[in-house]
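What follows is a set of notes on a single structure, which appears directly below.
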Amino acid sequence: MKQKNKAVPGKTWKVSDILGFEVFDQTGERLGILSDVISTGSNDVWVVKYDNEEFLIPALRSVIEEVNLLRKKIFVRLPNGFESVYSSAKSADGILEYNGYPVYED
């Protein structure tokens, strides 16, 4: 099933196309890897994993700034208050894994 790329009008992708992409916030901080997409009826919710933590990000036009299929990266603008809900700090030097495989930046 194809999803409309709300951040970039006219572009589409399948959920399976973007799983495993790295997710970055508006400051350039790496949030983790997109590991799952939950369909809620009103909008999708993206599950982003970093180490043993999960972050839930609403897949809304106001949140998703860019999905770069070539670089396998997603850029988001987090809603106000997100940091207070998910306050643990993450090191950019951490090794990320997706389905047991290390993910390396290019």
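Side notes on the structure shown:
- Near pairs, Cβ below 9 angstrom, 6+ apart or cross-chain, from the stretch 41-63 (part of a loop (DSSP other than H, G, I, E, B)) to any residue that is among the small types (Gly, Ala, Ser) and buried (at least 16 other Cβ atoms within 10 Å of the Cβ): Asn43/Ala59; Asp51/Gly32; Arg61/Ala7; Val63/Ala7
- Looking across the stretch 70-87, the residues that are closer than 15 Å to Glu22 by Cβ and exposed (fewer than 15 other Cβ atoms within 10 Å of the Cβ) come down to Leu70, Arg71.
- The residue pairs whose first member lies in the stretch 16-40 and is at positive phi, whose second member is among the acidic types (Asp, Glu), and whose beta carbons are closer than 9 Å, counting only pairs six or more residues apart or on different chains, are Gly32/Glu22; Gly32/Asp51; Gly32/Glu53; Gly32/Glu54.
- Selection within the stretch 21-40: residues that are of a type outside the set (S, T, N, Q), at pLDDT below 95 and in a loop (DSSP other than H, G, I, E, B). The member of this set that is surrounded by the most Cβ atoms within 10 Å (Cβ to Cβ) is Asp25.
The values are calculated or read from the model by the stated rules, or taken from the named source; none is laboratory data. Bear in mind the structure is a predicted one, so any value in this text is a computation, not a measurement. Note that each Cβ is placed from the backbone with ideal geometry, even for glycine, and that neighbours are counted across all protein chains shown.
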